[in-house]
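Have a look at the structure below, then the notes.
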Amino acid sequence: MTKLPVAILGATGPVGQKVISMLENHPRFYVAEVAASEGRVGKRYGEAVAWKNEYPLSAQVAGLTLRPLLEVESPFVISALPAEVAREVEPALAARLMRT
């Protein structure tokens with residue numbers, strides 16, 4: 001069975017890190033994109049994150065480049081954004097993804 005790609009918004013924060021670790025061995029999904037605030041965009045995830053989980057960060061996810069929040073393209077998105085950021089970003093992203 002082919003795994004489905006997922007983008008994680010707010011990937012460098014503690015909730016984003018937890019989501020990434022939970023998807024590590026998921027039978028249906030894999031982390032295809034990671035997105036974060038503008039100050040981290042363009043950096044490799046493994047270099048930009050202060051990984052604090054009990055499980056090690058996979059090389060596959062560590063090698064992903066952080067994308068802008070509104071530019072993810074995966075058909076599935078998990079948001080780990082703070083509420084004040086999510087109120088603005090999530091509706092705009094949903095509208096863009098529904099147009100494509």
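From the list Gly16, Gly39, the lone residue that is among the small types (Gly, Ala, Ser) and either surrounded by 13 or more Cβ atoms within 10 Å (Cβ to Cβ) or part of a strand (DSSP E or B) (or both) is Gly16. Any idea which of (1) at pLDDT 95 or above; (2) in a helix (DSSP H, G or I); (3) open to solvent by less than 80 Å² (accessible area, probe 1.4 Å) is the one Pro5 doesn't satisfy? Condition not satisfied by Pro5: (2). Does Val49 fit the bill of being farther than 28 Å from Arg99 by Cβ and β-branched (Val, Ile, Thr)? Judged against the criteria, Val49 is a match. Candidates Ala83, Ala50, Ala62, Ala92: the one that is among the small types (Gly, Ala, Ser), surrounded by fewer than 19 Cβ atoms within 10 Å (Cβ to Cβ) and either under 23 Å from Thr2 (Cα atoms) or in contact (Cβ under 8 Å) with a residue 60 or more places away in the chain (or both) is Ala62.
Restricted to segment 19-36, and to residues there that are in contact with a helix residue (DSSP H, G or I) (Cβ under 7 Å, 6 or more places away or on another chain) and in contact (Cβ under 8 Å) with a residue 40 or more places away in the chain, the residue that is most open to solvent (accessible area, probe 1.4 Å) is Phe29.
Just one residue in the set Ala86, Ala59 is of a type in the set (Gly, Ala, Ser) and modelled with pLDDT of 95 or more; that residue is Ala59.
For segment 71-79, the count of residues that are in a helix (DSSP H, G or I) and either at pLDDT below 95 or within 14 Å of the chain's Cα centre (by Cα) (or both) is nonzero.
The values are calculated or read from the model by the stated rules, or taken from the named source; none is laboratory data. Fair warning: this is a prediction, and the values are worked out from it, not measured in the lab. Using ideal geometry, Cβ is built from the backbone for each residue, glycine included, and neighbour counts are taken over all protein chains shown. Just so you know, the surface numbers come from the protein's heavy atoms only, side chains and all, with ligands and any DNA or RNA stripped out. Shrake-Rupley method; radii C 1.70, N 1.55, O 1.52, S 1.80 Å.
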